[in-house]
Amino acid sequence: MAEEHQPYDVFQAIADPTRRKLLELLANDEMSISTISKHFPMSRTAVTKHLHVLESAGLVRSQKVGREKLYHLETKPLQKLQSWLEFFGPFWESKLSELKRVVENEQRED
């Protein structure tokens, strides 16, 4: 029985450091797989697999131009990530404020 392909979500896609680097590269310009592959110490096939995950999550779009496939960044799915991070913003602010208070108290005691 053939396994059904399930699309990746944004969080799965950005979990890998290679895919995060791919997003950074594509933030500036659209690129062909040949150009992208030059930035990584892995095979072109491996890079293509990473791009497939990003494309499945909607973070990257590809377009066939002549014999090449050009990839470019899609930022809209990153809004989901931004919203999720903003939810935890107050938590981090309170923790950083508490850390600052502790450090300042320790410095006064010295």
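One table, with the values for the structure above:
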{"quantity": "Selection count, segment 71-89, where residues are farther than 30 Å from MET31 by Cα and modelled with pLDDT under 85", "calculated": "2"}
{"quantity": "Inter-residue pairs, beta-carbon under 8 Å, first touching a residue at least 12 places away in the same chain (Cβ under 8 Å) and in segment 81-101, second among the aliphatic types (A, V, I, L, M), 6+ apart", "calculated": "LEU81/VAL10; LEU81/ILE14"}
{"quantity": "Failed condition for VAL102, given (1) of a type in the set (Val, Ile, Thr); (2) modelled with pLDDT under 85; (3) under 15 Å from ARG19 (Cβ atoms)", "calculated": "(3)"}
{"quantity": "Residue list for segment 33-47, restricted to those being crowded, with 16+ Cβ neighbours inside 10 Å and touching a strand residue (DSSP E or B) at 6+ places or on another chain (Cβ under 9 Å)", "calculated": "ILE33, ILE36"}
{"quantity": "Selected residue [surrounded by 12 or more Cβ atoms within 10 Å (Cβ to Cβ), in a helix (DSSP H, G or I) and at negative phi] from LEU70, LEU81, LEU85", "calculated": "LEU81"}
{"quantity": "Verdict on GLN63 being closer than 24 Å to GLN12 by Cβ, out of contact with any strand residue (DSSP E or B) (no Cβ under 9 Å at 6 or more places or on another chain) and surrounded by 10 or more Cβ atoms within 10 Å (Cβ to Cβ)", "calculated": "no"}
{"quantity": "Hits in segment 38-63 - residues which are part of a helix (DSSP H, G or I) and under 17 Å from the mean Cα position of the chain (by Cα)", "calculated": "ALA46, VAL47, THR48, LYS49, HIS50, LEU51, HIS52, VAL53, LEU54, GLU55, SER56"}
{"quantity": "Hey, LEU51 touching a helix residue (DSSP H, G or I) at 6+ places or on another chain (Cβ under 7 Å), modelled with pLDDT under 95 and surrounded by 15 or more Cβ atoms within 10 Å (Cβ to Cβ) or not", "calculated": "no"}
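The values are calculated or read from the model by the stated rules, or taken from the named source; none is laboratory data. Keep in mind that what you see is a predicted model, and the values were worked out from it rather than measured. So basically every Cβ, Gly included, is an ideal-geometry build from the backbone, and we count neighbours across all protein chains shown.
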